[in-house]
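Peer 1: I am attaching a structure below and will ask some questions about it afterwards.
No value in this document is a laboratory result; all are computed from the given coordinates. Being a predicted model, the structure only gives us computed values, none of them experimental. Note: ideal-geometry Cβ built from the backbone for every residue, glycine included; neighbour counts use all protein chains shown.
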Amino acid sequence: MSTATASCVTLPRNENQALAIGQYACDFMSGSLGEPSDAVKHRTIQFFTDSVLCGLSALALQTNAPCVLRDEALDYPAEGGATVFGSTTTVAPEKAILANASAVREWDSNGTNFGYNPALGHTAGEFGHNDFYAVPIAAAQVGGLDGAAALRGMICLDEIRGRLAEVFSLKSYKIDHVVHGAIGSAAVYGAMLGATPEQIESAIGMVVAHYIPWRAIRAGKQLSDSKGASAAISSEVAIMSIKRSMKGFIGPKDIFRNPEAIWRQFEPTDGDSPFDLVLSTSGDDFAVMGMHFKLGLYEHQSAGALQGLIDLISANPTVLENPDSIKGITIVAYEPAFGIIGDPAKRSPKTRQSADHSMVYIVSTMLRKAIEMASENGSGALADGNDEWWKLLMLAPADYGRDAINDKATHALMDKIHFEHGGQEYDDRYPDGIPTSLVIELDDGNKLDSGLVMYPSGHARNTTADLEDILMHKAGLLGALAMEDSGTIIDRCNNIESAGSLDDLWDVTILKGDSVD
């Protein structure tokens, strides 16, 4: 039997966790388990607003998958359905979720979790992203619920997927991390629309039995649309599954203990699930509080290197005035950063999706921007302090466009970078932090050393950056690409908890800019 304390509930490995997740979602959405703190609500709203601006700007710049899937959604009009970004036409909710989640994820610039909870010994270290807020928004639109209910659904979904990421590493078995989000999506969508715990269990069983995505979508020398749309497609099938279950279809039961399902296939047991699952019910200790922001467009594994670069050029800005003096740059990081964004194939990216997964490209692009600004304005007047440097050099969609990818100055800097695996010393420090060091060697023999960076700006355990200020700049940067006045949508998102009907939430005019692809 699940056990509860004042602030959490434990779903033990020797019981039916799929059914227990369904019960938790129903109880959490009803408010019977308690209330998340104001800090949890505020943090969730920050991630929500950030994700929406990412999505709207991706549509404005005509990125392929979001536009294709938005058009697809509009081909499925449905009375009493949900809406896509930039429209009040209601469509099938699973299609609205597919479209909006794809747009949110396209830039790879919204929130990230690393599946790390040492207090409970739950340190599986699975990745995950805040891609799934379209699910509770759609459920609220379909069910006529208010913004407070939608916000509660966001917290619940992040809690389920975030805690699963702490106890089971899908990537270790070449399964894509979006499975955790799909499970949370089925549970929250069902709970918000009156499903029983048994119906949610059935839907989770269908998701796990029928729709497991392999990390093949992330392999290859140049990445495809499938990489960015993975969360969207998995959330689509999750909603299809819960809708089917609520109409009477019965999927596999007790899927976490099913001997033929992924959990016990990859981590065999004598009959139990491989893990206990602890889900928060009230207070401050929710999974979302340990998730991380990206302060611009970059793969999250590169955040430590970007912080190291900013630390060095802010302390030694004159190096920007003589870039030819840079003899070499050495970056040292941990696995999986070295394997994912250090892949030799990504030293010559040809697409935006590959460029934003290339450590050498990401760092070289930020450094090239700094050098160009110093050439125009002098290094001494560029920025004052960490926060101003992050805002000044924030990587934007244009930094991954065709012209940027082929920029000769960027490639000259890329050729100077040597990326190394730091071995056990670095690996042991992840996923507590993002252990990275960066050294700039000058032609006079001097070396500028960042030292070990663990908690870069945007990291949940960073205590020095003015996160609110930097995120406001990011929202303005992306918002200006998406609409003439982004303040309206930013205000709507920031005040979601007090919103009544959400029918017109996405009623905005999205600009049509030049494609970056």
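Peer 1: How would you order 409-422, 51-64 from highest to lowest mean count of nearby Cβ atoms within 10 Å? List each step's numbers first, then the result.
Peer 2: Details: 409-422: 17.2, 51-64: 25.8.
Put in order of decreasing packing, that is 51-64, 409-422.
Peer 1: Also, quick follow-up: Which far-off residues, 5 or more places away or on another chain, put their amide H under 5 Å from the one on Ile417, with H placed in the peptide plane?
Peer 2: So Ile417 has HN proximity to Ile329.
Peer 1: Another one. From the phi of every residue in the stretch 378-393, what ³J(HN,Hα) in whole Hz does the Karplus formula 6.51 cos²θ - 1.76 cosθ + 1.60 yield, where θ is phi - 60° and glycine or proline is x?
Peer 2: x, 6, x, 10, 6, 7, 10, x, 3, 5, 5, 5, 4, 5, 5, 9
Peer 1: Tell me, Kirkwood radius of the stretch 300-449 from alpha-carbon pair distances, in Å?
Peer 2: 15.5 Å
Peer 1: Asp444 label point, 7 Å along Cα→Cβ, cut-off 19 Å on backbone N: hits in the stretch 297-325?
Peer 2: 312-325
Peer 1: Moving on. Could you tell me the convex hull volume per residue, in Å³, taken over the Cα atoms of the stretch 3-290?
Peer 2: 115 Å³
Peer 1: Next question, about the same structure. For all pairs of alpha-carbon atoms in the chain, what percent lies in each bin of width 10 Å, listed from the first bin to the last filled one?
Peer 2: Percent of Cα pairs in each bin: 4, 20, 31, 26, 14, 5, 1, 0.
Peer 1: Then there is this: Modelled label-to-label distance, Arg347 and Asn406, 7 Å Cα→beta-carbon offset: nm?
Peer 2: 2.2 nm
Peer 1: Give me the distance in nm between label points sitting 7 Å out from Cα along the Cα-to-Cβ direction at Lys247 and Asp514, one decimal.
Peer 2: 4.7 nm
Peer 1: For the stretch 279-354, what log10 I(q)/I(0) values come out of the Debye formula at q = 0.12, 0.13, 0.19, 0.23 1/Å, with one point per alpha carbon and no solvent?
Peer 2: -0.54, -0.62, -1.03, -1.20
Peer 1: Which far-off residues, 5 or more places away or on another chain, put their amide H under 5 Å from the one on Ile434, with H placed in the peptide plane?
Peer 2: Tyr455
Peer 1: Trypsin sites (Lys or Arg not before Pro) within the stretch 150-207: which are DSSP loop residues with at most 15 other Cβ atoms inside 10 Å?
Peer 2: Lys174
Peer 1: Then there is this: Evaluated at 20 °C with a viscosity of 1.002 mPa s, what Stokes-Einstein diffusion coefficient in µm²/s does the stretch 172-234 have when Rh comes from the Kirkwood expression over alpha-carbon pairs?
Peer 2: For these conditions, the coefficient is 169 µm²/s.
Peer 1: As an exercise, use a Förster radius of 45 Å and the Cβ-Cβ distance of Ala315 and His210 to find the FRET efficiency, rounded to the nearest 0.05.
Peer 2: Approximately 0.25, to the nearest 0.05.
Peer 1: Calculated from DSSP H runs of 4 or more alone, at -39500 (n - 2.57) each and per residue, what is the 222 nm mean residue ellipticity of the chain, nearest 500? List each step's numbers first, then the result.
Peer 2: Details: 20 runs with 236 residues, N = 517.
Helices in the chain give a 222 nm mean residue ellipticity of -14000 deg cm²/dmol.
Peer 1: Still on this structure, I have one more. Could you tell me which of the pairs Lys243/Lys294; Lys243/Lys350; Lys171/Lys350 are separated by over 29 angstrom between their Cα atoms in the structure shown? Can you show the working numbers first?
Peer 2: Details: Lys243/Lys294 34 Å; Lys243/Lys350 40 Å; Lys171/Lys350 25 Å.
Over 29 Å Cα-Cα: Lys243/Lys294; Lys243/Lys350.
Peer 1: I would also like to ask the following. Once the Cβ-Cβ distance between Asp507 and Ala119 is put in as r, and R0 is 30 Å, what FRET efficiency do you end up with, to the nearest 0.05?
Peer 2: Taking R0 as 30 Å, the efficiency between Asp507 and Ala119 is 0.10.
Peer 1: Given labels modelled 7 Å from the Cα in the Cβ direction, how far is it in nm from Asp146 to Phe266?
Peer 2: For the pair Asp146/Phe266, the computed spacing is 4.1 nm.
Peer 1: Between Met472 and Lys327, what is 0.36 nm times their sequence separation minus the Cα-Cα distance? Round to one decimal in nm.
Peer 2: 48.6 nm
Peer 1: Taking H as built 1.01 Å from N, whose amide H comes closer than 5 Å to the amide H of His122, not counting residues under 5 places away?
Peer 2: Under 5 Å from the amide H of His122 lie the amide H atoms of Asn117, each far enough along the sequence or on another chain.
Peer 1: For the stretch 224-289, which semi-axes, largest first and in whole Å, follow from the square roots of 5 times the eigenvalues of its Cα gyration tensor?
Peer 2: 23, 22, 17
Peer 1: Also: In sequence order, what are the phi-derived ³J(HN,Hα) couplings for the stretch 407-418 according to the Karplus relation 6.51 cos²θ - 1.76 cosθ + 1.60 with θ = phi - 60°, rounded to whole Hz, with x for glycine and proline?
Peer 2: Once θ is set to phi - 60°, the couplings for the stretch 407-418 become 5, 5, 5, 4, 5, 5, 5, 4, 5, 8, 8, 10 Hz.
Peer 1: With Rg and the Kirkwood Rh both taken from Cα atoms, where does Rg over Rh land for the stretch 382-517?
Peer 2: Result for the stretch 382-517 is an Rg/Rh of 1.05.
Peer 1: Using a Förster radius of 22 Å, what is the FRET efficiency between Tyr76 and Asn494 based on their Cβ-Cβ separation? Nearest 0.05, please.
Peer 2: After rounding, the FRET efficiency stands at 0.15.
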